[in-house]
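Structure record follows, encoded as structure tokens.
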Amino acid sequence: MFNPFSSAPVHDPIGKIKPVDEIKKTTCYMCACRCGIRAHLRDGELVYIDGNPDHPINQGVICAKGSAGIMKQKSPARITEPLLRKKNSPRGSNEFEIISWETAFNLLTERLSKIRATDPKKFALFTGRDQMQALTGLFARQFGTPNYAAHGGFCSVNMAAGMIYTIGGSFWEFGGPDLDHSKLFIMIGTAEDHHSNPMKIALSKFKRSGGRFISINPVRTGYSAIADEWIPIKPGTDGALFMALMHELIAKNKFDAPFLQKYTNSGQLVCLDEGPEEGLFLFDPSSEQINADLPHNKYIWDTNTNSAQPCYAKGVMPSLQGEYIMGPGPHEGKRVAPAFELLRRQVKNTSPDWAAAITGISASRIVKLAEEIGQAAFDQAFTLPIPWTDAWGEKHSSVIGRPVAFHAMRGLSAHSNGFQTVRGLAVLMSLLGTIDRPGGFRHKAPYPRQTPPNVKPPSSDADIKPNTPLGKAPLGWPTQPEDLSLSEDGTPLRIDKAYSWEHPLAAHGLMHNVITNAVKGDPYTIDTLMIFMANMSWNSTMNTTEVRNLLNEKNTDGEYKIPFLVVCDAFQSEMVNFADLVLPDTTYLERHDVMSMLDRPISEFDGPVDSVRIPVLPPTGNCKPFQEVIVELASRLKFPAFTTPEGGRKFSGYTDFITKFQTAPDSGIGFLSGWRGINGEKSLRGEPNQNQWEQYEKNNCIFQFKMPTEHHYMRNWNRGYLDFAKENALRQKNDPIMLSIYSDILQKFRLAAKGQRKGRTPPEHLKKRIIKYFDPLPMWYPPLEEDVTDLNQFPLNAITQRPMAMYHSWDSQNAWLRQIHSHNYLFINTKTAQSHGIEDGAWMLIESQWGKVKCMARHSEAVDPGTVWTWNAIGKAESAWNLDANADESKKGFLLNHLITEELPFGQFRVSNSDPITGQAGWYDVRVKISPADKEEHEETLPQFKAYSVPGMIIKK
Ligand code: SF4
């Protein structure tokens with residue numbers, strides 16, 4: 001009889017006759033959660049995959065995607081040979097010839113060496129949802145090009161930047177809700193299974209122990225379906241809700257004043273006088289700076305002495321309200337106020353009534369939500385008897401728990417107001433004192449980091465030189481206009497205009513604008529664009545039809561505007577068709593890989609964790625892991641970090657590179673932090689160990705470092721943890737990380753735009769934009785698209801989320817997962833659909849001012865009446881991914897991307913359809929109208945795209 005609690009597989013029909021003869025452990029990559037898995041093999045063939053019960057991340061749990069990895073392996077869309085577009089064949093004609101890897105490497109080495117020796121920025125490398133950004137970033141830096149980024153700019157950079165500029169950490173890999181100790185959990189703007197298995201495990205435990213779970217989301221699916229309460233909200237208005245919650249909590253004195261006084265910049269004095277110091281903190285020249293990049297020598301107003309005092313002076317009691325005049329000293333006579341007073345003024349008018357009109361949530365529900373949050377944080381507070389010492393030497397016998405936790409992601413982030421929205425959430429959590437405390441938000445190593453980390457992007461032409469590594473990291477964290485990536489004449493240094501005045505804090509780049517900018521030659525043209533694992537001609541791009549046209553656009557001399565396009569992918573995605581050179585990648589089951597502390601590991605709250613993939617199968621055909629390609633190219637191009645002093649190659653391949661590479665000579669810091677030291681006896685820091693891979697393999701492919709309990713909480717200010725973090729290169733410094741309720745970094749950009757600051761100033765047409773959006777305090781403003789949209793004509797919001805059963809476009813070809821979704825519907829609230837005469841299951845039209853799509857409707861009660869939504873990336877171009885020409889994916893499935901523009905009109909200019917601060921793509925800002933389709937018309941989604949196939953695939957048509 002079937003036993004649901006047995007670990008025996010139920011899907012191995014011949015297991016009794018011929019059991020599996022080998023079990024290999026590795027790390028799943030059917031999504032980005034990094035669960036441990038076991039691959040069961042019979043005669044060398046993969047029979048099934050299950051969760052690894054000894055793995056701390058998923059404890060044996062596996063999801064539908066994870067177990068369907070076997071079908072990814074057997075996908076007919078695999079590309080198995082390197083391919084070169086045939087000479088004189090037009091791009092997109094599917095006329096490729098199979099070439100050898102040697103030919104591919106020679107071709108690339110010759111082309112890239114010429115670019116590197118002349119103008120390195122003519123080479124651009126952009127990557128999708130990979131887990132090797134430390135390696136690809138190193139490659140770009142060694143090449144000398146600033147034109148590098150991964151997918152963050154079109155995914156969730158607002159979440160990363162908004163949180164990191166405020167609290168020094170963020171959600172997802174960097175931190176999350178402590179559901180073990182929480183009583184109230186609020187999930188807001190999160191896809192239906194974001195942070196999949198680990199979140200599901202934590203949530204089920206939380207609910208079973210009586211925790212209350214509120215979901216705030218325009219759509220009630222996935223996690224929201226099991227919430228105790230669903231509060232629908234209008235997309236792009238979450239920031240207004242946070243402002244109203246702060247209004248209520250402050251008005252009712254429900255905030256953690258001692259926490260704000262000691263651990264945030266709430267008490268620090270901001271200059272109110274007009275001029276170059278307006279809105280900036282004042283600095284005390286007689287106090288120690290501690291950290292030149294973000295100095296600590298500020299003042300507070302001490303209520304004991306009624307005078308300004310150095311902020312860390314002993315025995316002071318910082319005021320959180322009022323205005324003061326500085327006494328004798330370097331700032332005598334200046335008018336100042338504590339940062340918290342300015343926050344109090346900022347939220348004075350953001351009442352629940354104000355927010356109700358914006359969010360669609362009633363004022364009374366907002367008031368009750370604020371009460372519930374305050375009640376959980378303060379009335380249910382508790383202590384854990386964990387002693388710790390703070391950054392100033394004070395010993396504490398316990399840590400305070402504030403059991404209200406939040407989880408948020410792309411629903412907040414993918415709007416052009418997302419940075420300030422996320423700032424709002426981070427400041428709200430800080431008011432409640434829930435940062436790195438039991439029951440609230442907890443960091444995961446290598447976070448917390450400085451607000452922001454001390455890494456700067458290239459800031460002048462001098463940082464980019466032929467045949468020389470880039471002067472700075474391609475991606476960094478500006479703290480002032482002088483850090484922007486601008487040429488002498490003020491033009492952007494980067495092809496995507498990241499870190500320009502259009503998007504000054506673009507910490508993850510703007511991958512979604514690369515093709516458009518390169519084709520327009522704005523700010524300049526490039527020679528070679530290399531794309532890894534990103535479907536930029538389909539679901540990863542806005543304005544899909546036009547971007548596909550741009551990829552084929554030519555100059556008058558017949559040369560393509562992007563002369564050479566290299567695509568590396570394991571599957572025949574829509575992007576592959578546009579490639580000049582195709583490099584076939586392996587699957588995750590066929591390669592070595594690291595999820596490194598130098599990158600985005602999957603640490604636990606209690607200590608650093610990194611993990612690896614070990615191949616369980618040999619590569620299919622002539623596939624080669626992209627990691628190997630990068631190491632090979634870097635060696636052939638003789639990058640300094642990959643070349644011996646004698647000019648030979650330093651590393652034989654990827655695994656050798658991972659074992660031997662150190663961030664600086666003899667630093668002892670490498671890609672993997674487990675089993676370092678000659679014999680693997682050291683952790684985190686130590687000499688390279690030749691047997692490191694074997695030791696990971698023996699230990700479930702994961703290394704987990706458990707910190708002492710006294711380092712588990714309050715890590716922004718925990719002396720022991722801060723010293724540990726510095727010793728092990730998790731941070732450069734060991735100074736306390738004060739939470740930035742008020743951001744003087746944003747104010748510096750505003751002063752530059754107002755002409756009140758010496759140094760770089762924005763171009764005339766962007767000045768008002770900077771002044772408006774670079775508010776040093778959280779704020780809410782409507783998404784930019786609303787400024788250029790007739791809201792009466794396009795009354796509905798349209799959003800997407802990725803489905804639980806598929807990770808973006810990766811699984812469209814997966815035979816098992818296609819049985820769950822082979823096409824998508826537009827979900828519409830039943831009343832909204834009926835009022836537009838659209839029947840359940842009928843064909844309909846959805847239209848924005850930028851485009852029109854024909855799709856099928858599904859009535860739903862689980863969506864806010866003013867919002868329509870669908871799953872992203874299920875719709876496909878005809879025959880793409882080697883699906884049948886009549887497959888549901890291309891005939892019934894659709895992409896909402898056709899309705900979304902990649903640029904918005906801005907006076908006589910055009911700007912990216914992105915957040916004006918970070919460049920985060922404004923995916924969820926689009927406004928639409930809906931109508932029934934003509935019943936006489938052929939029942940097929942529109943627009944349609946012509947069929948394609950490429951040679952070198954497993955199954956040829
Ligand atoms: S949650 Fe993601 S990583 Fe974990 S088993 Fe599922 S697909 Fe794999």
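Observations on the structure shown:
- Computed with the Debye formula from one identical point scatterer per Cα of region 633-756, without solvent, the log10 of I(q)/I(0) at q = 0.17, 0.22 Å⁻¹ comes to -0.94, -1.21.
- Radius 12 Å from Cβ of T237, net charge of other residues (Lys, Arg +1; Asp, Glu -1): -3
- Amide H to amide H, with H built 1.01 Å from N, S487 comes under 5 Å of L493, counting only residues 5 or more places away or on other chains.
- Kirkwood Rh in Å, taken over all unlike Cα pairs in region 286-420: 19.1 Å
- Pairs of alpha carbons in the chain whose separation is greater than 56 Å (percent): 8 percent
- Considering all different alpha carbon pairs of region 825-943, the Kirkwood hydrodynamic radius works out to 15.5 Å.
- Compactness relative to 2.2 N^0.38 Å, alpha carbon Rg of region 135-255: 1.30
- Beta bridge orientation in region 119-253: antiparallel %, DSSP, nearest 5: 10 percent
- Residues of type aspartates and glutamates that K121 reaches as a straight line, Cα spacing below 12 Å, ignoring anything fewer than 8 places off in the same chain: D461, D463, D496, D527
- Helix 744-754 and the long axis of the chain differ in direction by around 90°, with both axes built from C-alpha atoms.
- In this entry, region 213-293 is assigned a mean projected area of 9.6 nm², taken as a quarter of its C-alpha convex hull surface.
- On full extension, the segment bounded by D180 and Q756 gains 202.5 nm, given 0.36 nm per residue less the C-alpha separation.
- The stretch between K768 and K706, if pulled fully straight at 0.36 nm per residue, gains 17.4 nm over its current Cα-Cα span.
- Amide hydrogen neighbours beyond the local backbone of G189, cut-off 5 Å, H modeled: I216
- Listed by chain and number, the aspartates and glutamates whose C-alpha is less than 16 Å from the C-alpha of K200, apart from same-chain residues fewer than 8 away, are E173, D178, D180, E192, D228, E604.
- Per residue, the chain reaches -6000 deg cm²/dmol at 222 nm when only DSSP H runs of four or more residues are counted, each adding -39500 (n - 2.57).
- When the convex hull of its Cα atoms is viewed from all sides, region 30-178 shows a mean projected area of 13.9 nm².
- Members of K698/K733; K87/K854; K472/K726 lying beyond 28 Å, as alpha-carbon distances in this model show: K698/K733; K87/K854
- The gain in end-to-end length when the S113 to E22 segment is fully stretched comes to 28.3 nm, 0.36 nm per residue minus the alpha carbon separation.
- DSSP beta bridges in region 504-604 [antiparallel fraction, %, rounded to 5]: 10 percent
- Cα-based equivalent ellipsoid, region 449-606: semi-axes from gyration tensor eigenvalues, Å: 27, 25, 14
- Within the chain, percent of DSSP bridges classed antiparallel, to nearest 5: 65 percent
- Apolar share of the accessible surface for the chain: 51 percent from carbon plus sulfur atoms, 1.4 Å probe.
- Overall shape of region 375-465 was characterised from the C-alpha gyration tensor. The equivalent ellipsoid obtained from it has semi-axes of 32, 21, 9 Å, in decreasing order.
- Average silhouette area of region 290-337, convex hull of alpha-carbon atoms, in square nanometres: 3.8 nm²
- Ellipsoid equivalent to region 470-542 - semi-axes via the Cα gyration tensor, in Å: 22, 14, 11
- For region 612-701, fraction of C-alpha pairs farther apart than 21 Å, in %: 38 percent
The values are calculated or read from the model by the stated rules, or taken from the named source; none is laboratory data. Source: prediction; values computed, not measured. Counting neighbours? That spans all protein chains shown, and the Cβs are built from the backbone with ideal geometry, glycine included. The area values use the complete protein model at the heavy-atom level, side chains included, leaving out ligands, DNA and RNA. Shrake-Rupley method; radii C 1.70, N 1.55, O 1.52, S 1.80 Å.
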